[in-house]
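Report on one structure; see the data block that follows.
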Amino acid sequence: NKIAEIHFHGNHLFSEFRLKRQLNLSTWGLFTWITKKDQFSQEKLDSSLEAVKNFYFEHGYLKFKVEKTDVKLSENKKKLVIDIYVHEGSRYRIK
């Protein structure tokens, strides 16, 4: 199935746009017919969540975690909507 929407919930430090740039998944776009990033697979979702986790870790958020993901069919049952719920935690700095 193709991905219609991706939403992040619980993110306060980084915008949804910036977090979506970390993903190996995407909603439909001009080149997705080539890249196939708009086609869902569990492997792509798992690697995308790992990429978001690494992004937070690289910025000092060691207690970051993905609390839940919800993948559901859109109302027309032709596309997928992905909701990603995160907990950012505190930022750590080494002096």
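Computed quantities for the displayed model
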{"item": "Residues of segment 1-52 that turn out to be of a type in the set (A, V, I, L, M, F, W, C), farther than 15 Å from V66 by Cα and assigned to a loop (DSSP other than H, G, I, E, B), as a count", "result": "5"}
{"item": "Residue selected from segment 77-90 under the condition assigned to a loop (DSSP other than H, G, I, E, B) and in contact (Cβ under 8 Å) with a residue 60 or more places away in the chain, by the criterion least open to solvent (accessible area, probe 1.4 Å)", "result": "E88"}
{"item": "Pairs with Cβ under 7 Å, 6+ apart, first in segment 14-26 and surrounded by fewer than 18 Cβ atoms within 10 Å (Cβ to Cβ), second assigned to a loop (DSSP other than H, G, I, E, B)", "result": "N24/K37"}
{"item": "Tabulated pairs, segment 45-64, first surrounded by 13 or more Cβ atoms within 10 Å (Cβ to Cβ), second in a helix (DSSP H, G or I) and hydrophobic (A, V, I, L, M, F, W, C), C-beta under 7 angstrom, 6+ apart or interchain", "result": "V52/L19; F64/F57"}
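The values are calculated or read from the model by the stated rules, or taken from the named source; none is laboratory data. In this text, all values refer to a predicted model and were calculated from it rather than measured experimentally. With ideal geometry, Cβ positions are generated from the backbone for all residues, glycine too; neighbour counts draw on all protein chains shown. Areas reflect the complete protein model, heavy atoms only, side chains present, ligands, DNA and RNA absent. Shrake-Rupley method; radii C 1.70, N 1.55, O 1.52, S 1.80 Å.
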